[in-house]
Amino acid sequence: MKYLAVLATAAAMLLSGCATTIHSNVTAFNDWPADIQDKSYAFEAPQGADDTLEYRNYQVLVANELGKLGFRQVADNQQPKLLVGMKFFTIDHPVRVLQADDPFMGPYWGPGFGRYQYGWGYSRWAYRPFFYDPYRFGPTVVEERIKHQYQRQLRVTINNANGAKLYDVTVQNTSGVQATPHVMPALVQSAFTGFPGQNGVPRNIDITIEPKSETVEVKTPPKAG
């Protein structure tokens, strides 16, 4: 007998729906030589727990942006003129939200179809032409929800082989997007927008990213008997 209906669909969603704009605050400090000719570089080796597959994946994003600017990543047996360092973190800030819903369903279904909270006028559920009577329509229902805001920071540095600091950029972003891999390409692109940029001047950079999602179908065999 064939497997029965799919029980789980659309698992592992990174982002669904329309494109998302990532708003970042970017501050770069630089002492970039105007006459630099050799832009060969290597990444600084990540330390300890930082050496993850995720970290190395983001190094590829940085390498792609550097390539657009004329930098060249050297092989392991070659001596680079520059060293590139990278650090990032994500912090989840959960916020407790109380949302009040009343059971009133108005006599007119029209332009305000949806949820109503307090006061007069159109709502998204109904139109309320009169005052709300809890004895007639029932008590207000208060629902507790947890909203998540994810704070992210990316820092990229470029030093010469002698240790002199040439470029140091910090990108900060806070959004409700949970998946860091979905946001990181925009953060990396923001880090090199207008490179090397004005020294120490904060900038707001908006980059739009397209939605990505993966659907996983889980099938279960029929029950015995």
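The values are calculated or read from the model by the stated rules, or taken from the named source; none is laboratory data. Keep in mind that this is a model prediction, so the values were computed, not measured. FYI the Cβ positions are ideal-geometry reconstructions off the backbone, even for glycines, and counts take in every protein chain you see. The protein model used for the area step is the full one, side chains on, heavy atoms only, and it has no ligands, DNA or RNA in it. Shrake-Rupley method; radii C 1.70, N 1.55, O 1.52, S 1.80 Å.
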Pairs returned, first residue in the range 185-207 that is at positive phi, second residue that is open to solvent by 20 Å² or more (accessible area, probe 1.4 Å), beta-carbon separation under 8 angstrom, 6 or more apart or interchain, are G194/R203; G197/N30; G197/R203; G200/T27; G200/F29
Any residue in the range 82-103 that is more than 20 Å from Q47 (Cβ to Cβ) and at pLDDT 95 or above? no
Just a yes or no: is a residue in the range 211-224 assigned to a strand (DSSP E or B) and at pLDDT 80 or above? no
Would you pick out the residues in the range 62-94 that are open to solvent by less than 40 Å² (accessible area, probe 1.4 Å) and either in a loop (DSSP other than H, G, I, E, B) or out of contact with any Ser or Thr (no Cβ under 6 Å at 6 or more places or on another chain) (or both)? V62, A63, E65, L66, F71, V74, P80, L82, V84, M86
Residue count for the range 151-177, restricted to those that are open to solvent by 10 Å² or more (accessible area, probe 1.4 Å), touching a residue at least 40 places away in the same chain (Cβ under 8 Å) and more than 12 Å from S24 (Cα to Cα): 10
Residue count, the range 50-60, condition open to solvent by 40 Å² or more (accessible area, probe 1.4 Å), more than 21 Å from N160 (Cα to Cα) and either out of contact with any Lys or Arg (no Cβ under 9 Å at 6 or more places or on another chain) or not in a helix (DSSP H, G or I) (or both), comes to 6
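Conditions tested, residue by residue: (1) among the polar types (S, T, N, Q); (2) in contact (Cβ under 8 Å) with a residue 40 or more places away in the chain; (3) touching a helix residue (DSSP H, G or I) at 6+ places or on another chain (Cβ under 6 Å).
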| position | (1), (2), (3) |
| --- | --- |
| P33 | no, yes, no |
| D38 | no, yes, no |
| A42 | no, yes, no |
| A45 | no, no, no |
| D50 | no, no, no |
| N57 | yes, yes, no |
| K68 | no, yes, no |
Only one residue in P134, P139, P129 is open to solvent by less than 50 Å² (accessible area, probe 1.4 Å), modelled with pLDDT under 95 and farther than 28 Å from A28 by Cβ, so which one is that? P129
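Residue by residue through the range 26-43, note down the ones that are in a loop (DSSP other than H, G, I, E, B), open to solvent by 70 Å² or more (accessible area, probe 1.4 Å) and not small (G, A, S).
D31, D35, Q37
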